[in-house]
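Trainee: There's a structure below that I have some questions on.
The values are calculated or read from the model by the stated rules, or taken from the named source; none is laboratory data. All values reported here derive from a predicted model rather than from experimental measurement. In this analysis, Cβ positions are derived from the backbone assuming ideal geometry, glycine residues included, and neighbour counts consider all displayed protein chains.
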């Protein structure tokens, strides 16, 4: 099911972005977050299609697989949101440390 694939991809990209930020690789983190957004957009487009089909009178069966797929997407959205905050914090700490080193000449 494509929702699971795109949700899983988005979560993985977000986690890799956090790891890149931990290493100070902020451009890589930004690129990976872009990939996460792309994957989540694909998942959202699929969700929209499913909803529109139901509005048109073609309901989707609520199976365990569908619940699992929606769980993947929601989890990916949460991880993405948290990743954005963690990366921002890492950048702020990095900038603060860099400024302190430049001002005081310490490592």
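Residue-wise test of (1) surrounded by fewer than 11 Cβ atoms within 10 Å (Cβ to Cβ); (2) free of Cβ contacts under 8 Å to residues at least 40 places away in the same chain.
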residue	(1), (2)
3	no, no
10	no, no
40	no, no
59	yes, yes
68	no, no
98	no, yes
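Trainee: Between a first residue in the stretch 13-37 that is at positive phi and a second residue that is part of a helix (DSSP H, G or I), which pairs have beta carbons less than 7 Å apart while being 6 or more apart in sequence or on different chains?
Mentor: Cβ pairs passing all conditions: 24/94.
Trainee: So residue 87 passes all but one of these: (1) surrounded by fewer than 18 Cβ atoms within 10 Å (Cβ to Cβ); (2) modelled with pLDDT of 95 or more. Which condition number does it fail?
Mentor: (1)
Trainee: Mind checking whether some residue in the stretch 11-32 is over 30 Å from residue 97 (Cα atoms), in contact with a helix residue (DSSP H, G or I) (Cβ under 7 Å, 6 or more places away or on another chain), at pLDDT 95 or above and part of a helix (DSSP H, G or I)?
Mentor: Step one: of the stretch 11-32, the residues over 30 Å from residue 97 (Cα atoms) are none.
No.
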